[in-house]
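J.: So that we are looking at the same thing, I have put the structure below in structure tokens.
None of the figures in this text is laboratory data; all of them are computed from the coordinates on show. None of these values were measured; they are calculated from a predicted model. So basically every Cβ, Gly included, is an ideal-geometry build from the backbone, and we count neighbours across all protein chains shown.
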Ligand SMILES: [Zn+2]
């Protein structure tokens, strides 16, 4: 069975400047011993990605595959750190980035470099990468979003930003809301037991986020702020923040949360 390790845990927060863009990254080791990275985080985390790999006894040159869930900057900016990896992207995502549309989060200037690197592998449908590891198209957030099925678990990227997307109002931005809902239904069907969300504190620690939310709903905001502002086990190496900028959890209607 392939092994999944959390390289960077996702975090669902916003600040007075913008959303934090702390998306999850995962390192997989396949049954054949090959290493796969699912998403690569944003520019501001280049050093963190390398350091986190090192803590898992891996170096950038050891990574055989990089799967980019989509080409938003907070997921895909650091693919170039992995000199030997095949870079896997949905063909519609490349076309989306090339289209010059209004989505400012897309790394449109990366696509010529991706094409020129000689390691880009475009997929257009469900694709088996290795035993037990399958790429699954989940369009909607962007046209070429892909998830990764790993054994009985699924790494969802922004197709499922958090548990809120399962039952509550859909997180923005979304390119096509109907398609996004269809993809979420597909993920629910596929995952049913243990879905993994890109912005969750940990792949298997759904309760961790729920506990933080419950605390916040009970008016324990100072505790929440401490959790955000000071390095803590729940935030790992992302704990430090600039106190000059007010940081808060994403605000979506708690009443919609039913799972
Ligand atoms: Zn995105």
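J.: Taking square-rooted eigenvalues a ≥ b ≥ c of the alpha carbon gyration tensor, is segment 54-123 rounded, prolate or oblate, where a/c under 1.5 means rounded and, failing that, a/b exceeding b/c means prolate?
T.: Because a/c hits 1.5 or more and a/b exceeds b/c, segment 54-123 counts as prolate.
J.: Moving on to the next point. Could you tell me the calculated FRET efficiency between residue 95 and residue 15, based on Cβ-Cβ distance and R0 = 25 angstrom, to the nearest 0.05?
T.: That gives a FRET efficiency of 0.20.
J.: How would you classify segment 71-159 from its alpha-carbon gyration tensor, with a ≥ b ≥ c the square roots of the eigenvalues: rounded for a/c under 1.5, else prolate if a/b is greater than b/c, otherwise oblate?
T.: oblate
J.: Also: Based on the alpha-carbon gyration tensor of segment 5-136 and its eigenvalue square roots a ≥ b ≥ c, which shape applies: rounded if a/c is under 1.5, prolate if not and a/b is larger than b/c, or oblate?
T.: oblate
J.: A further question follows. At residue 61 and residue 43, where each label point lies 7 Å from the Cα along Cα→Cβ, what is the point-to-point distance in nanometres?
T.: 2.8
J.: Note down the nm distance, to one decimal, between modelled labels 7 Å out along Cα→Cβ at residue 126 and at residue 102.
T.: Calculated label separation equals 3.5 nm.
J.: Something else now. For segment 1-61 and segment 124-157, compute the distance between their C-alpha centroids and round to whole Å.
T.: Taking the Cα centre of each part, segment 1-61 and segment 124-157 sit 17 Å apart.
J.: Residue 32 to residue 170: extension gain in nm, 0.36 nm per residue of separation minus the Cα-Cα distance?
T.: This chain segment gains 45.9 nm when fully extended.
J.: Mind giving me the nanometre distance, one decimal, between the label points for residue 178 and residue 86, set 7 Å out from Cα along Cα→Cβ?
T.: It works out to 3.5 nm between the two label points.
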